[in-house]
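Report on the structure given below.
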Amino acid sequence: MTIFPGFAPEALKFLKQLKRHNEREWFKARKEQFDELLLEPMKLFVEEMDVRLARTVPEISGSPKRAIFRIYRDTRFSKDKSPYKTHVACWFSHVRASHGVGGETHGAGAGYYFHLEPGESIVAGGIWMPARPTLAAIRDGIAERGGELKKLLKGRALASRFGALSEEGKLTRTPRGYDPAHEHAELLRHASFTVSAPLDDAMVVSGKLAQQVEKDFKAMAPLVRWINDTLGYPPSAQR
């Protein structure tokens, strides 16, 4: 039995309106609508995916309290002072990895990300722009076992749905401390280790969303597990 009933089409309409009226007074007057259309369904989605992860990638989990990102933007260091994000998102991480309440940082390990936004919804996995010690550990893993990473990135389920690793932040040269002629120099240049794929609006408001996301999470599991293994977060056969 599914816990998650699905997102209503009105949820996407609300986010479109929020993009046009990104103001505190507008949002405050519609906070109950936001909760009903987006926050409460997202909590149920997280619970649903946690149940599904327990049987496919049991070391990865998420709870409504910790997995859902806040709708409020941190504008302290941004020229854009819009108070609200125009999407909702959640993050599922290794049970042993560190993470903050609300998932505002992705913690130390690799995991899964779901992003709901009209016309721009995605499912993703891996680790995004890790801190220097974490990045160093991943690069050391590549230097020693990069062949494993290359092979799993070519796996049919992952490659056909997600393609290659994101090149966001990728260096133009091999990082200091590694031989420029290293056989895995291309992978060593990455500063972020993520893959992602789009979800169209019809899918995110359909009854098949949880099933599709579970399939996508399973396809990304080899990458997520390889990264976590290099960081000392092992896979698990059961939760």
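The values are calculated or read from the model by the stated rules, or taken from the named source; none is laboratory data. Just so it is clear, the model here is predicted, and its values are computed rather than measured. All Cβ positions, even for glycine, are placed from backbone atoms using ideal geometry, and neighbour counts span all protein chains on display. Ligands, DNA and RNA are excluded from the accessible area calculation, which covers all protein heavy atoms including side chains. Shrake-Rupley method; radii C 1.70, N 1.55, O 1.52, S 1.80 Å.
The gain in end-to-end length when the D35 to T172 segment is fully stretched comes to 44.9 nm, 0.36 nm per residue minus the alpha carbon separation. With angles folded into 0 to 90 degrees, how steeply does helix 40-56 sit against the dominant principal axis of the chain? Use alpha carbons for both and round to 10. For 40-56 against the chain, the angle is about 30 degrees. Annotation: per residue accessible area for the stretch 97-239 equals 50 Å², rounded to a whole number [probe 1.4 Å, protein chains only]. In the chain, a dipole from Cβ-located charges (positive for Lys and Arg, negative for Asp and Glu) runs towards its positive end, and of V95, P222, A143 it is A143 whose Cα lies farthest in that direction.
Of all lysines in the structure, those lying under 30 Å Cα to Cα from K28, and not within fewer than 8 positions of it along the same chain, are K13, K16, K19, K43, K65, K79, K81, K85. Computed per residue of the chain from DSSP H runs no shorter than four, each worth -39500 (n - 2.57), the mean residue ellipticity at 222 nm is -12500 deg cm²/dmol.
Rounded to the nearest 0.05, what FRET efficiency do E10 and R96 have when you use their Cβ-Cβ distance and R0 = 45 Å? Write down the numbers at each step before the final one.
Values: r = 38 Å, r/R0 = 0.85.
E(calc), rounded to 0.05, equals 0.70.
For the chain, find the longest principal axis of its Cα atoms and tell me its angle to the long axis of helix 209-230, 0 to 90°, nearest 10. Value to nearest ten degrees: 30.
Cross-link partners of K215 among lysines, defined as those whose alpha carbon lies under 19 angstrom from its own and excluding same-chain residues fewer than eight positions apart: K154. Calculate, in whole percent, how much of the Cα-Cα pair population of the chain lies beyond 26 Å. That fraction is 41 percent.
Give me the number: length gained by fully extending K81 to H182, i.e. 0.36 nm times residue separation minus the C-alpha to C-alpha distance, one decimal in nm. Can you show the working numbers first?
On the way: separation 101, 0.36 × 101 = 36.36 nm, distance 4.45 nm.
Residue separation times 0.36 nm, minus the Cα-Cα distance, leaves 31.9 nm.
Split the accessible area of the chain by element, probe 1.4 Å, and carbon with sulfur accounts for 51%. One chain, two ends: Q238 and E120. Fully extended at 0.36 nm per residue, the span grows by 39.1 nm beyond their Cα-Cα distance. On the beta carbon distance between A131 and E25, with R0 = 35 Å, the FRET formula returns roughly 0.40.
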